[in-house]
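The values are calculated or read from the model by the stated rules, or taken from the named source; none is laboratory data. Just so we're clear, the structure is a prediction, and the values are computed from it rather than from any experiment. Cβ placement follows ideal geometry from the backbone for every residue including glycine, while neighbour counts extend to all protein chains displayed.
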Amino acid sequence: MKIILIGFMGSGKTTIAKSLGKKLSLDVIEMDDLIVKRSGKSINQIFKEDGEVHFRELEIKAAKSLAKKDKCIISTGGGVVMNKIIIDYLKINGKIIFLKTSFLEIEKRLKNINDRPLFEDKKTAKKLFVFRQRLYEEYADLIVATDGKSVDKIVYEIISQN
Ligand code: S3P
């Protein structure tokens, strides 16, 4: 069994994954890190030099290679819901948890961060956010609202419902 965290950019997947990993003594795998390691390029570089379609292909490959993994926490990129095949790979022996955060909160968190190519234009990001909500909800086995909650509270909610 493994835990997969999904949600929009800035929903706290990385932070929650690290904390969950510590509490449950499980390895934490960051899909974006895997892609960066394998390609030797930053996410920004991949988007700029090779385009989003190529990035999504790398995401599919990363998800496939993680399908056999067990007993770990996987923190995904916010766009994994754009390709159902990624979700299918991740679902193998995995419980999908959607960290549901409002756009207002996400805007605050990503204010001074510029390593999110798809958050550069707020209007486009908002549209993407609205479009993806239905997908996150559809694929989730558990939905955890995060606005106004501490990391510990979110982790507690996940563990107690697992
Ligand atoms: C993306 C989210 C990013 C990263 C890439 C694309 C997206 O990950 O995978 O920039 O499409 O939402 P985070 O959700 O960790 O920011």
Cβ-Cβ distance below 6 Å, separation of 6 or more or different chains: which pairs start in segment 62-79 with a residue that is free of Cβ contacts under 8 Å to residues at least 40 places away in the same chain and end on one that is in a loop (DSSP other than H, G, I, E, B)? 67/92
Checking the structure you have, find out if any residue of segment 75-86 is under 15 Å from residue 13 (Cβ atoms), within 13 Å of the ligand (Cβ to nearest atom), polar (S, T, N, Q) and in contact with a Phe, Trp or Tyr (Cβ under 9 Å, 6 or more places away or on another chain). no
Please determine, by comparing only the residues of segment 7-31 that are touching a helix residue (DSSP H, G or I) at 6+ places or on another chain (Cβ under 6 Å) and either among the small types (Gly, Ala, Ser) or within 10 Å of the ligand (Cβ to nearest atom) (or both), which one is nearest to residue 116 (Cα to Cα). 9
Okay, helices (runs of 4 or more DSSP H) sitting entirely in segment 1-87 with 1 or more residues that are under 20 Å from residue 135 (Cα atoms), at pLDDT 95 or above and within 11 Å of the chain's Cα centre (by Cα), I get 13-24, 31-39
I need the full set of residues from segment 1-60 which are at positive phi and hydroxyl-bearing (Ser, Thr, Tyr), in order please. 25
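From the residues in segment 45-90 that are of a type in the set (Asp, Glu) and surrounded by fewer than 15 Cβ atoms within 10 Å (Cβ to Cβ), which one is nearest to residue 35 (Cα to Cα)?
This residue is 57.
Select from segment 1-15 the residues that are touching a strand residue (DSSP E or B) at 6+ places or on another chain (Cβ under 6 Å) and either among the β-branched types (Val, Ile, Thr) or under 18 Å from residue 153 (Cα atoms) (or both) and list them in ascending order.
Hits for segment 1-15 are 3, 4, 5, 6, 7, 11, 12, 13, 14.
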Tell me which residues, restricted to segment 91-135, are without any contact (Cβ under 8 Å) to a residue 40 or more places away in the chain, in a loop (DSSP other than H, G, I, E, B) and surrounded by 12 or more Cβ atoms within 10 Å (Cβ to Cβ). 92
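Quick check, is residue 148 at pLDDT 95 or above, part of a loop (DSSP other than H, G, I, E, B) and either hydroxyl-bearing (Ser, Thr, Tyr) or surrounded by fewer than 12 Cβ atoms within 10 Å (Cβ to Cβ) (or both)?
yes
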